[in-house]
Amino acid sequence: MWVRHRGLEAVLVHHRWVFVCLFLLPLSILFDVYYQLRAWAVWRLHSAPRQHAQRVRHIQAQVREWKNEGSKRYMCTGRPGWLTVSLRVGKYKKIHKNIMINLMDVLEVDSERQVVRVEPLVTMGQLTAHLNPMGWTIPVVPELDDLTVGGLIMGTGIESSSHIYGLFQHTCVAYELVLADGSLVRCSPTENSDLFYAVPWSCGTLGFLVAAEIKMIPAKKYIKIHYEPVRGLQKICEKFTEESKKKENSFVEGLVYSLEEAVIMTGVLTDEAEQSKINRIGNYYKPWFFKHVEKYLKADRTGIEYIPSRHYYHRHTRSIFWELQDIIPFGNNPVFRYLFGWMVPPKISLLKLTQGEAIRKLYEQHHVVQDMLVPMKSLEKSIQTFHVDLHVYPLWLCPFILPNNPGMVHPKGDEAELYVDIGAYGEPKRKQFEARASMRQMEKFVRSVHGFQMLYADCYMTREEFWDMFDGSLYHKLREQMNCKDAFPEVYDKICKAARH
């Protein structure tokens with residue numbers, strides 16, 4: 001046991017930076033260059049709209065072939081599990097019928113309707129790079145470059161503008177899906193509305209997403225950010241709640257560095273900036289954003305900066321929030337940043353592909369990546385619970401408005417309610433931390449305050465507990481109506497550890 005947990009496997013985990021720096025960083029650059037050139041060529045040649053219909057017909061043909069074979073196995077997307085940003089390893093792909101879906105292009109930018117139509121594998125980095133030069137952006141830009149539109153719809157997505165616009169799904173105006181019978185349908189709040197509201201959080205268990213229409217808003221050059229250190233848990237929660245309720249704040253975010261210390265950030269969109277206060281935080285040689293923010297806490301001073309919009313949207317990408325410090329401990333060192341920072345970050349997908357079973361198990365037991373969505377009124381109690389059960393810092397605070405729409409996730413009452421996403425990423429410092437027991441305790445607390453757990457993360461709930469957390473009434477009704485039970489696994493069976501094969 002000592003050799004297993006303190007010997008070679010521990011060395012592989014704690015000195016993984018050697019392999020990451022020598023192999024994964026250069027490989028990540030090649031991946032990025034390839035996809036950027038591909039996206040540019042597709043857009044210049046206007047080939048995406050022409051090829052889209054053909055690709056969708058190919059997906060329909062695969063589904064019909066599955067039916068002709070006797071519908072013996074569940075279907076799932078053929079995208080390899082290691083390519084997803086989720087740290088979970090989906091073993092179901094080895095036993096289910098894989099439907100190949102090669103849909104990764106921006107299809108149309110409709111300036112009159114202020115809508116962009118995209119395929120599901122379009123990433124956030126790709127979308128902002130495409131829209132920003134045209135003077136547009138989307139209302140909610142979930143943080144990491146490699147997050148895909150399909151993942152953010154079928155799972156969920158959030159950003160510091162969500163206190164105004166809601167979750168990523170709430171900025172979508174229509175979806176197009178291939179259903180279990182091979183038919184292609186479009187759904188919106190006025191067309192097949194039940195399906196439109198049931199798709200988010202369904203994790204691909206109602207049909208295959210082939211396109212989505214997302215609202216656009218005019219982009220501006222800069223985000224004017226105000227940093228304010230706050231001490232004392234009660235004051236942190238009061239200040240964060242107060243700023244989250246202000247619609248004049250385009251962005252609200254909190255980084256909690258200890259139980260009693262945080263920096264609350266608010267931002268507004270602007271085209272004007274004081275040149276001396278412009279901070280191009282996205283440049284490779286700049287300090288990681290969470291370390292930059294911490295300086296205001298240590299100096300106990302407020303501050304104002306102007307960050308270029310696209311740099312702001314992806315401000316946590318280079319350090320994968322603060323996960324990269326566990327992989328490359330010296331990654332924020334100025335020497336490393338200036339010499340090799342242009343290659344950072346390594347692709348999360350490549351980290352997954354090369355981690356091996358030993359490292360994966362150690363990470364599962366000694367590492368936490370969780371986002372819990374709780375009512376804002378429960379924020380103070382929630383942070384205390386995170387402190388006791390996990391003791392992981394920093395914590396990410398991101399407010400969002402949750403409308404009372406049908407579907408798996410909505411407030412307990414009849415009115416829209418202000419919620420907050422609490423993100424915990426890193427190695428728990430709580431003594432005797434045990435992943436399953438600790439997370440079950442966290443999940444129980446989140447259910448008690450009518451909160452929700454993001455489904456990309458490890459989930460330890462029983463089926464009854466899961467459907468106590470989420471409203472499955474519309475979801476189960478549609479699975480029955482659309483004959484999904486023989487075509488796709490239930491969402492619980494796809495994501496929960498207690499059910500996975």
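The values are calculated or read from the model by the stated rules, or taken from the named source; none is laboratory data. Note that the structure is a prediction, hence the values are computed from the model and not measured. Cβ: placed from backbone, ideal geometry, glycine included. Neighbour counts: every protein chain shown. Remember, those area values only see protein heavy atoms, side chains included, never the ligands or the DNA or RNA. Shrake-Rupley method; radii C 1.70, N 1.55, O 1.52, S 1.80 Å.
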* Looking at (1) touching a residue at least 40 places away in the same chain (Cβ under 8 Å); (2) open to solvent by less than 30 Å² (accessible area, probe 1.4 Å); (3) β-branched (Val, Ile, Thr); (4) over 16 Å from Val140 (Cβ atoms), can you tell me which one Val252 breaks? -> (4)
* Residues of the range 450-461 classified as open to solvent by 20 Å² or more (accessible area, probe 1.4 Å) and at pLDDT 95 or above, total -> 1
* Asked: Somewhere in the range 365-386, is a residue within 23 Å of Ile236 (Cα to Cα), in contact (Cβ under 8 Å) with a residue 24 or more places away in the chain, surrounded by fewer than 16 Cβ atoms within 10 Å (Cβ to Cβ) and among the polar types (S, T, N, Q)?
  -> yes
* From the set of residues in the range 73-95 that are in a loop (DSSP other than H, G, I, E, B) and at pLDDT 85 or above, which is nearest to Asp371 (Cα to Cα)? -> Tyr74
* Asked: Which of the residues that make up the range 198-215 are closer than 17 Å to Val116 by Cβ and over 19 Å from the mean Cα position of the chain (by Cα)?
  -> Val210
* **Failed condition for Arg301, given (1) touching a residue at least 40 places away in the same chain (Cβ under 8 Å); (2) more than 20 Å from His226 (Cβ to Cβ)** => (2)
* Single unsatisfied condition, Pro49 versus (1) within 26 Å of the chain's Cα centre (by Cα); (2) closer than 17 Å to Pro120 by Cβ; (3) modelled with pLDDT under 80; (4) open to solvent by 20 Å² or more (accessible area, probe 1.4 Å) -> (1)
* Hey, any hits in the range 164-175 for a residue that's at pLDDT 95 or above, touching a Leu at 6+ places or on another chain (Cβ under 6 Å) and within 22 Å of Gly254 (Cα to Cα)? -> yes
* To do: Would you please list the contacts, defined by Cβ atoms under 6 Å and residues six or more apart or on different chains, that run from a residue in the range 425-444 that is modelled with pLDDT of 90 or more and polar (S, T, N, Q) to a residue that is buried (at least 17 other Cβ atoms within 10 Å of the Cβ) and not in a loop (DSSP other than H, G, I, E, B)?
  => Ser438/Asp389; Gln441/Asp389
* To do: Inspect the range 304-324 for any residue being open to solvent by 30 Å² or more (accessible area, probe 1.4 Å) and over 22 Å from the mean Cα position of the chain (by Cα) and give the result as yes or no.
  => yes
* Asked: Inside the range 245-312, counting only strands (runs of 3 or more DSSP E) that do not spill past its ends, which hold 1 or more residues that are more than 27 Å from Glu323 (Cβ to Cβ) and at pLDDT 95 or above?
  -> 261-270, 303-308
* **Count of the range 401-435 residues which are small (Gly, Ala, Ser), farther than 24 Å from Leu206 by Cα and crowded, with 19+ Cβ neighbours inside 10 Å** => 3
* For residues that are at negative phi, in contact with a strand residue (DSSP E or B) (Cβ under 8 Å, 6 or more places away or on another chain) and open to solvent by 70 Å² or more (accessible area, probe 1.4 Å), tally how many sit in the range 273-303. => 5
* To do: Check the range 450-458 and report whether any residue there is out of contact with any Asp or Glu (no Cβ under 6 Å at 6 or more places or on another chain) and without any contact (Cβ under 8 Å) to a residue 40 or more places away in the chain.
  => no
* Structure fact -> From the option list Tyr492, Tyr419, single residue qualifying as closer than 22 Å to Cys76 by Cα and among the hydroxyl-bearing types (Ser, Thr, Tyr) is Tyr492
* **First in the range 17-41 and open to solvent by less than 50 Å² (accessible area, probe 1.4 Å), second anywhere and of a type in the set (Lys, Arg), Cβ under 7 Å, 6 or more apart** => Ser28/Lys347
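Pick from the range 55-69 the residues that are of a type in the set (S, T, N, Q) and farther than 11 Å from Leu184 by Cα: which of them is surrounded by the most Cβ atoms within 10 Å (Cβ to Cβ)? Lay out the reasoning, then the answer.
First, the residues of the range 55-69 that are of a type in the set (S, T, N, Q): 60, 62, 68.
If we keep only those that are farther than 11 Å from Leu184 by Cα too, we end up with 62, 68.
On the way: Gln62: 19, Asn68: 8.
Across the range 55-69, the extreme among qualifying residues is Gln62.
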* So which of Asp471, Asp486 ends up being part of a loop (DSSP other than H, G, I, E, B), out of contact with any strand residue (DSSP E or B) (no Cβ under 8 Å at 6 or more places or on another chain), open to solvent by 20 Å² or more (accessible area, probe 1.4 Å) and modelled with pLDDT of 95 or more? -> Asp471
